[in-house]
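A.B. asks: Dumping the structure here so I can ask a few things about it.
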Amino acid sequence: MVNNATTFKALEAVHTINPSLFLSARKEELFTLQREISTSSSNARVFQRLPRHLRRRAMSKVPHLLPRHLRNAAIREMNLPKRVRQRKRRKDMKRKQQRKDFVVNVKQLPALNGESTKAFRLSTHLFHAKRMKMEDKWGMRLPVKHITDKIFRNGYRYARKHCTIHERSYMVCLQVDFSTAGNVEKLLKSMMNIHTDSPLLFHNDYLIGKREGTFEWKDKNNFTISTVEFLVRPKTVTFNGASEESIMIWIHPSSLPEGYQHLEQLVLELKGTIYHRNDLSRFEVRGPLTMKVISNVIRIHIEDTINELKTTKSESQVKTISKEWERMKTDIQMTTSLPVDMVISFMAKHPIYTSSFNTTFEDFKKESQLIATALAPSLSYTSSQSSSKDNEKPLNSLQKKSMLYVPDHMNDIPLIWNQKECKERYQFPYLKRTKRTNKKFNPLQSAEGPRSFPILLIQKPSSLNSGSTMGGGFDIVLPTIDVSAHVWFKLSEQKNTMALPIFDRDRLLLEQGKRVFPNDYPSSQAFQRDIIAENEHLEILIQQLECPLSSYRPVQLFGVWGGSLEPYDMIYVPTNQKQIAALTKLAKPSKEDRELQAKMHAIPKSMIEAKCIGFVTSANYSLLRGKKYGIGFITLDSSQQLPSIPGHSQNIVLIKRKDESNEFYYPFQCLYKVQK
C-alpha cells in the first residue's frame, strides 16, 4: 500500500509535456553533437586536406572546384547562402567531358557569291582540332598546319618509309548524270577544249570506269579554272533499253564560283543533271606501307558484295573483285606495282564490326571459305592479257605510260553512285567513341545499322623525280555519315601512319616536284582571290611585270634552287651583256653531277641592270635536295632572253634581296624547266 501511495504522489507532481517544444530542444542538442563529431580538431580547411598536386588556389572561395566527396563538407564549412550552395559548376573537371557530342551533317556547297557564311566542319574535325591548327578556309574549318614546323621531318620520313594520311573531303564532288550515251565523252572534250571530232588524250580505260583521270581545266581564253579528277561510271542499261552514263568530278573549293558556272553551262547544253555528292568523303593514303595499312582496316564483305552485284545482273563478277583484292593484299607489297589510276570497288565491313572484340574465329573461317569458292588462279598485271579491241589500237605517248591491264567489272557497285539510296541507308550520326567493351554491338550505334559500306580504292602513282616510294598510294572514297569518321580513326590508330595537315601535304608535293592548286597556278582566278588577299604586296610585284596578271596566259613553269629563296620573290634577268658574261664566269658547274653551284654573290643595285620577268609562287627547304627549292613562273617572251651557262642546261636568273642596310642586291640562282 505504501508503494501505491508513493506512486500516486509522483504522478500528481508530473506536469504535462509539449511535444513540439520537447522535440525542438532535442533537435538542437543532436545538431550540436553532430557538429562536434564532424569538426576536425586541426585548423586545416577541407581543401587543404588534398594532396598538394590536387590543390587549386580558387578552392578556398569556390567550393565547387573540389572533388565531389569533399564538396558538401566545404560548403558547410564556409556557411554559404542557399543560392550559392545550389549553384552548378560552369565547366566540368575533365576536358573529355567538356567536349560535346559532334554529330556529322552533310555539307552544302559554299556560297558562290562570296558571302561570308559559317564555316562547315568535316567529319574528322574532332581528330584534327586536338592536334593541329584550324582555320576557316574555302567555307570550311580545315587543319592548316601543325603547331610546330619541326614535325615536318617526321612527315617526310613517314612519306618515304611508312605511311601518311590526309583528309581531302574538302574537295567538291559533283556528279553529272546523262540519259543518253556518249555525252560523258562530249563533256570531257568541251572541258579540255578539244574538237568533237578529235579523240581524247585518255585511253579507253578512263572512259569505262577502270581508271581515274586527271587534267587541268581551262576556259576558252586559256585561263586555268581548276585541276580536275574524274571517274566514269560503267554503262548501265535501264528497263526501257536506254543506256545511262554518269561521271564524278572533283574540283578544288577555291575555284567553285567559276568552276560550277562553267560546268552548269556545259551540262545544260548536253541535257544532263548535276548533283552535289556531299554524302561522300575522300581520304588520301600515301607511302610504301599503304597496302599493309589499308588491308588491316578494310575487309571485304563477300555476301553484301554479291547482293549488290545482283542488282546489275553480274553475280559472277564478284569472283574478279574478290580475287584481285585478296591478291593485292598478299602478293602486292607496294601500290606502285599496280596499274596506274586503277579503280576497285566492293562492299567493306563496317569498322565497328571488324575490331578484335567483335570478330571470332568462325567469322574468319566463313570468310575464307567464301573467298576460296570465289577465287580462281591469280593472274598478273601484264599488257599481254588485255583482250579488248580498244587496247589493240595504237597508243600515243601519254597512253603508253604505265598502260597495264586492268580486269573488267572492278567498279560495278551501284550503291555508291546512287545518292538517294546511299543517304537513306547511311543516316546514323557519328557520336563520340567510348571505351571498348566485349559487347557484340557498339552501344552508340543501333544494332539495325548497316554492317557494310561501299568503298572505292583508287591507285595513285609515285613521283618520277623522287623514286618509287615517294607519293604512291591509294585514294579512298566512302560514305560520310556513320562510316568516314570510323575509318579515319582506324587508319590513324595503325602503327606506321601519320596524319598530315594541308601545309605539310603541300610541302611534300613540292618535294616531289608537283604543283599545288591554286598556289602554283597564277593564271587562275582562285590564285588571285586566295594569294593576293593574303599577300597584299604581291599586287605591287605583279604590277612590275611587263604584262599584268589578267594577260598572264603564256606562262612557263620553272624550278628554282639555290641560296635563300622565299615565296613570292621576284625573278629578274640581267640586260647588260658585260654583266651577263661576268655572271656566267662565276657560275661553275660541279664535275661530278654537273649541277650548278649557286653561290651567293651580292651584286649591288648600282652595278646591275635587270628586268622583272616573273615571280616565285611556292618555296621551302627541300630535304631531298638539301637546299632551298621553289617553283616559279616567267613570261613566255622573256624565256628567250635568259642567259645560259656554257656547257650546261640551266639558266641564270636573279632574285631581288635586301640586306641589313636596306640596300638591294641580286644573288643569282639556277633555273631549269619542270615537266607539267
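Read the figures in this text as sums done on the coordinates, not as results from a lab. Since the model is a prediction, treat every value here as computed from it, not as a measurement. As a convention, Cβ positions derive from the backbone with ideal geometry for all residues, glycine included, and neighbour counts pool all protein chains shown.
A.B. asks: I'd like the projected area of the stretch 172-278, averaged over all directions, using the convex hull of its alpha carbons. Report it in nm² with one decimal. Intermediate results must be reported in sequence, preceding the final value.
C.D. replies: Numbers: hull surface 27.5 nm².
Over all viewing directions, the stretch 172-278 projects a mean Cα-hull area of 6.9 nm².
A.B. asks: Using amide H atoms built 1.01 Å from N in the peptide plane, name the residues 5+ places from MET347, or on other chains, whose amide H lies under 5 Å from its own.
C.D. replies: Here the answer is HIS301, THR305, since their amide H atoms fall under 5 Å of that of MET347.
A.B. asks: Once you put a point 7 Å from the Cα of ILE17 and another 7 Å from the Cα of SER179, both along the Cβ direction, what distance in nm separates them?
C.D. replies: 9.8 nm
A.B. asks: Let me ask something else about it. What ratio of Cα Rg to 2.2 N^0.38 Å holds for the stretch 130-199?
C.D. replies: 1.82
A.B. asks: How much length would be gained if the chain were fully extended between SER295 and ASN79, taking 0.36 nm per residue of separation minus their Cα-Cα distance, in nm to one decimal?
C.D. replies: Result for the pair: 71.5 nm of gain on full extension.
A.B. asks: Tell me which of VAL232, SER254, LEU187 sits at the most positive position along the dipole axis of the stretch 172-278, charges placed on C-beta atoms (Lys, Arg +1; Asp, Glu -1).
C.D. replies: VAL232
A.B. asks: Please list 573-583, 246-256 highest first by mean number of surrounding beta-carbon atoms within 10 Å per residue.
C.D. replies: Those peptides, ordered most packed to least, come out 246-256, 573-583.
A.B. asks: What FRET efficiency, computed as 1/(1 + (r/R0)^6) with R0 = 56 Å and r the Cβ-Cβ distance, is obtained for ILE147 and GLU303, rounded to the nearest 0.05? Mind dumping the intermediate values first?
C.D. replies: Values: r = 45 Å, r/R0 = 0.81.
After rounding, the FRET efficiency stands at 0.80.
A.B. asks: State, to one decimal in nm, how far the label point of ARG56 lies from the label point of HIS276, with both points 7 Å from Cα in the Cβ direction.
C.D. replies: 4.2 nm
A.B. asks: Using a Cα distance threshold of under 14 Å, what count of lysine pairs results for the stretch 172-278 when pairs must be 8 or more residues apart or interchain?
C.D. replies: 4
A.B. asks: Using R₀ = 30 Å, calculate the FRET efficiency as 1/(1 + (r/R₀)^6) where r is the Cβ-Cβ separation of LYS235 and ARG327; round to 0.05.
C.D. replies: Using R0 = 30 Å, I get an efficiency of 0.70.
A.B. asks: Along the stretch 200-216, what does the Karplus equation 6.51 cos²θ - 1.76 cosθ + 1.60 (θ = phi - 60°) give for ³J(HN,Hα), rounded to whole Hz, x for Gly and Pro?
C.D. replies: Working through the residues one at a time gives 6, 7, 9, 5, 5, 4, 6, 8, 10, x, 6, 9, 9, x, 9, 7, 9 Hz.
A.B. asks: I'd like the Karplus ³J(HN,Hα) series for the stretch 227-232: coefficients 6.51, -1.76, 1.60, θ = phi - 60°, whole numbers in Hz, and an x wherever there's a Gly or Pro.
C.D. replies: Once θ is set to phi - 60°, the couplings for the stretch 227-232 become 7, 10, 10, 10, 9, 9 Hz.
A.B. asks: Check SER622: other-chain or 5+ apart residues with amide H under 5 Å from its amide H, H built from backbone geometry?
C.D. replies: Correct list: LYS627, LYS628, TYR629.
A.B. asks: Also: Going highest first, how would you order 512-520, 283-291 by mean Cβ packing within 10 Å?
C.D. replies: Going from most to least packed, we get 283-291, 512-520.
A.B. asks: Hey, can you rank 173-179, 420-426 by average C-beta count inside 10 Å, highest first?
C.D. replies: 173-179, 420-426
A.B. asks: For a 25 Å ceiling on Cα separation, which of these pairs sit above it: LYS292/LYS349; LYS130/LYS460; LYS137/LYS611?
C.D. replies: LYS130/LYS460; LYS137/LYS611
A.B. asks: In addition: For a quick check: with amide H placed at 1.01 Å from N, whose amide H comes under 5 Å from ARG277's, ignoring anything fewer than 5 positions away on the same chain?
C.D. replies: It is CYS173, LEU174, GLN175, by chain and number.
A.B. asks: Applying 1/(1 + (r/R0)^6) with R0 = 22 Å to the Cβ-Cβ distance of GLU566 and PHE223, what FRET efficiency is obtained, to the nearest 0.05? Each step should come with its number before you reach the end.
C.D. replies: On the way: r = 27 Å, r/R0 = 1.21.
That pair, GLU566 with PHE223, gives E of 0.25.
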